[in-house]
Amino acid sequence: MCGFGGYFGAVRDGRELLERMTAAIAHRGPDEQGLFIAKDAGLGHARLSIVGLGDGQQPMSDATGELTIAFNGEIFNYVELREQLRTKGHRFRTSSDTEVILHLYEEMGEDCLSVLNGDFAFALWDSRRRRMVLARDRMGVRPLFYTRQGDRFYFGSEVKALLQVPGVSAEIDPLALDQIFTLWAPIAPRTAFRDIFELEPAHLMIVQQGSVSTRPYWSLDYPDREAPSRHTDERAAAEELRALLTEATRIRMRADVPVGSYLSGGLDSSITSALAAGMAPGGLRTFSVTFDSAEHDESAFQMEMARALGTQHSSVACGEGDIAAVFPDVIRFTERPILRTAPAPLFKLSGLVREAGLKVVLTGEGADEVFAGYDIFKEARVRRFCGRQPGSRIRPHLFRKLYPYLPGLRQQSAEYLASFFGAGGAALDDPLFSHRPRLDGTAATKLFFSGDLRATLSGYDAAEELASRLPEAFSRWHPLHQAQYLEARFLLPGYILSSQGDRMAMAHGIEGRFPFLDHQLVEFAAGLPPEMKLKGLVEKHILREATKDLLPPSISRRAKQPYRAPDSHSFVGTGAADYVQAAMGEAQVAAGGLFNPRAVAKLHEKCSARPASGFRDNAAFVGILSTQLWLQTFTGTSGRRSEAA
Amino acid sequence: MSDTIRDSVKAFVVENFLFGDTNHELSGTASLIENGVIDSTGVLELVAFIEDRYGITVADADIVPANLDSLDRISAFIASKVAAPVTA
């Protein structure tokens, strides 16, 4: 894990620029820093030392000096790859996984990506062919941003590095803002910053003199719905899943430093912790967040699991005041507006891990995407069921079963639930059918956009763009797989793995590892029949079956409680943070030019008077506040980027 | 009476759900759900408003789109409740 920045092209004062770029992302790699400067190319690296502690310094060159790499992340199968390369005559000078990539590239060229099992982003300077090779892992765990200035190309692990480049300034991209206020995240390669882009997950980019080419080297794929599945025996499938998950966890325990584990109290992190507990020499340390509010707190389940596993458990309390206190820092690290406060507790959690002296944690992230755990999958199933008989007065009662943890919904009539979830009118052949209520509900937050911003957007429709990005095979997939693809391909890298994952962990120099996102496990799960994943309205059925002996029944059978945190309530009331009033004030909102000041004032007033606001109001409040903080952090009041960024 | 109720309900909807945004053409028959004006929490806010403003009790069985999904329907619902005799 680490961070890097660099350039390709004739850059004046390259050393000084690389030093600034690296310093801007020093939080990602506080252990060491290194530079590499060649004619027309440069790499800077901030290192978090995890593998090859004494000999893994970067940027790293091969023996000939022709290849040099700056690398962020981990190659989990580097041990096996190194042995294979040794048998082919490669000689290694270090014990690091970084050197394995160099030898693999020497052996296979850019095709080496196909055999890497890991979470990574890297920039590899091939001096012989005078090209910079950039690549990013399959699921989008590690970030990689880039921009151009004339014929010069710049890249970095965070946008902060790119903002050090002379001539690159921070300006919000209106289309990205529309995407965030519809889809929760920009659609890559677009970012919140105008003219700054990110390499998409599972993509390779080659930069040569005068040309930049990008192509995918892997894609998430599902079988045609009519095709017979190779998995007909559920028990055999569960056994295969258990073996894959165990191996995915085993290779993610590889490190020259201790590996800990997050423990939320839910199914997924309990499974990864249980598997890891049997593999951690000297015992496993686990970490969790607790909340003041009973609605969000899962500490009883966390303690039960920690006791069952015998882990050394630590937790950090997160109240509404804590969320408000860290929220400006959260936006500085997400580098994009967000609609939920959920990253804030994770920011505090990674701080706890850092204080405990650990650098690496396993997390259960990805299981909901891979094994159909999200409520939206069940909701889509019920909506399809209701949509087949829109006149039924009985079928909509199923909606009551979907969200037992949302008190407001319990009071709704079946007719209203059916109306809200669009069961009657939604087009069953809409490619975004599964996500349409969420998209429509989120897009309602755009009510607060200013007249100028609306004019700039000129009828742009983020959902339409999302639909246009779907692969040709999408229409042939089972509806559950279509819904899973939308989550895994867009929201997972665009929000979960970035704003809640990489950025919140790396803010404190912590590397998260995700056994459920092992690509072999992902490919296996994609090939499972839908009914093995979502059985009736029981989510992650096959995963529960495969791991039920690992967990206490109370955890194994536990219905999903989505990870949530208090939203607008964190920012209002008598103890509200001073910056909130300033950021949401009419003058400041007017100066930003993105939102309607009067409407924002009314929203602030409403959320202050009635803390239990609904989804739209909460999302709008957090979205507006985070956008205002984004403007302050990255552009300053004068519209130029802040040095503090 | 109905016009007064309708004006009052419209003012509440515009202020509370549209935050003063007058770009929305809110006709009397337009569905508040289909037009994204209210969400599931909004219904409860609307019910609270009706009970507080008009001193009537809205039963669970009354909370259905047929009563509350447009300005006209809400106004008619309130009018019928206000006109109904109070029972012990």
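The set of residues in the range A:521-564 that are open to solvent by 30 Å² or more (accessible area, probe 1.4 Å) and hydroxyl-bearing (S, T, Y) comprises A:S554, A:Y563. Residues that are over 26 Å from A:P174 (Cβ atoms), aliphatic (A, V, I, L, M), at pLDDT below 90 and assigned to a loop (DSSP other than H, G, I, E, B) occur at least once in the range A:550-568. Screening the range B:79-88 for residues that are in contact with a helix residue (DSSP H, G or I) (Cβ under 8 Å, 6 or more places away or on another chain) and either outside any helix (DSSP H, G or I) or touching a residue at least 60 places away in the same chain (Cβ under 8 Å) (or both) and picking the one that is least open to solvent (accessible area, probe 1.4 Å) gives B:A79. Within the range A:7-44, the set of residues being surrounded by fewer than 23 Cβ atoms within 10 Å (Cβ to Cβ), of a type in the set (V, I, T) and outside any strand (DSSP E or B) comprises just one member, A:V11. A count restricted to the range A:601-632 and to residues that are part of a helix (DSSP H, G or I) and facing chain B (nearest Cβ under 8 Å) stands at 6. Across the range A:220-273, the number of residues qualifying as part of a loop (DSSP other than H, G, I, E, B) and open to solvent by less than 10 Å² (accessible area, probe 1.4 Å) comes to 2.
Counting only helices (runs of 4 or more DSSP H) that sit completely within the range A:431-512, those holding 2 or more residues that are surrounded by fewer than 23 Cβ atoms within 10 Å (Cβ to Cβ) correspond to A:436-443, A:451-457, A:462-468, A:479-486. Under the condition of being assigned to a loop (DSSP other than H, G, I, E, B) and either open to solvent by less than 30 Å² (accessible area, probe 1.4 Å) or closer than 24 Å to A:G73 by Cα (or both), the residues counted in the range A:164-179 number 5. Among the residues of the range A:314-352, the one identified as within 20 Å of A:A280 (Cβ to Cβ) and out of contact with any helix residue (DSSP H, G or I) (no Cβ under 8 Å at 6 or more places or on another chain) is A:L352. Checked across the range B:65-74, the condition of being in contact (Cβ under 8 Å) with a residue 40 or more places away in the chain, closer than 22 Å to A:Q412 by Cα and open to solvent by 50 Å² or more (accessible area, probe 1.4 Å) holds for at least one residue. State whether the residues of the range A:73-81 include one that is open to solvent by 10 Å² or more (accessible area, probe 1.4 Å) and more than 24 Å from A:E247 (Cβ to Cβ). Checked against the condition, which is being open to solvent by 10 Å² or more (accessible area, probe 1.4 Å) and more than 24 Å from A:E247 (Cβ to Cβ), the range A:73-81 yields no hits at all.
Within the range B:41-55, residues that are in contact (Cβ under 8 Å) with a residue 12 or more places away in the chain reach partners that are of a type in the set (G, A, S) and not in a helix (DSSP H, G or I) with beta carbons closer than 8 Å, at six or more positions or on different chains, in the pairs B:G42/A:G614; B:E45/A:G614.
If A:W477 meets every condition in (1) closer than 21 Å to A:W218 by Cβ; (2) under 8 Å from the mean Cα position of the chain (by Cα) apart from one, which number is that one? For A:W477, the exception is condition (2).
Filter the range A:141-155 down to the residues that are farther than 19 Å from A:S211 by Cα and touching a Gly at 6+ places or on another chain (Cβ under 8 Å) and list them by number.
Of everything in the range A:141-155, those that are farther than 19 Å from A:S211 by Cα and touching a Gly at 6+ places or on another chain (Cβ under 8 Å) turn out to be A:V141, A:R142.
Could you please let me know if A:D518 is open to solvent by less than 20 Å² (accessible area, probe 1.4 Å), away from chain B (no Cβ under 14 Å), in contact with a helix residue (DSSP H, G or I) (Cβ under 8 Å, 6 or more places away or on another chain) and not hydrophobic (A, V, I, L, M, F, W, C)? Against the criterion (open to solvent by less than 20 Å² (accessible area, probe 1.4 Å), away from chain B (no Cβ under 14 Å), in contact with a helix residue (DSSP H, G or I) (Cβ under 8 Å, 6 or more places away or on another chain) and not hydrophobic (A, V, I, L, M, F, W, C)), A:D518 qualifies. Residues in the range A:428-485 that are within 14 Å of chain B (Cβ to nearest Cβ), of a type in the set (A, V, I, L, M) and closer than 18 Å to B:N35 by Cα: A:L439, A:A443, A:A444, A:L447, A:A463. All conditions but one from (1) surrounded by 15 or more Cβ atoms within 10 Å (Cβ to Cβ); (2) closer than 21 Å to A:K602 by Cβ; (3) at pLDDT below 95 apply to B:I56; the one that does not is (2).
The values are calculated or read from the model by the stated rules, or taken from the named source; none is laboratory data. Just so you know, these numbers come straight off a predicted model, no measurement behind them. Note that we place each Cβ from the backbone using ideal geometry, even for glycine, and neighbour counts take in every protein chain shown. These accessible areas exclude ligands, DNA and RNA; they are computed on the full protein's heavy atoms, side chains included. Shrake-Rupley method; radii C 1.70, N 1.55, O 1.52, S 1.80 Å.
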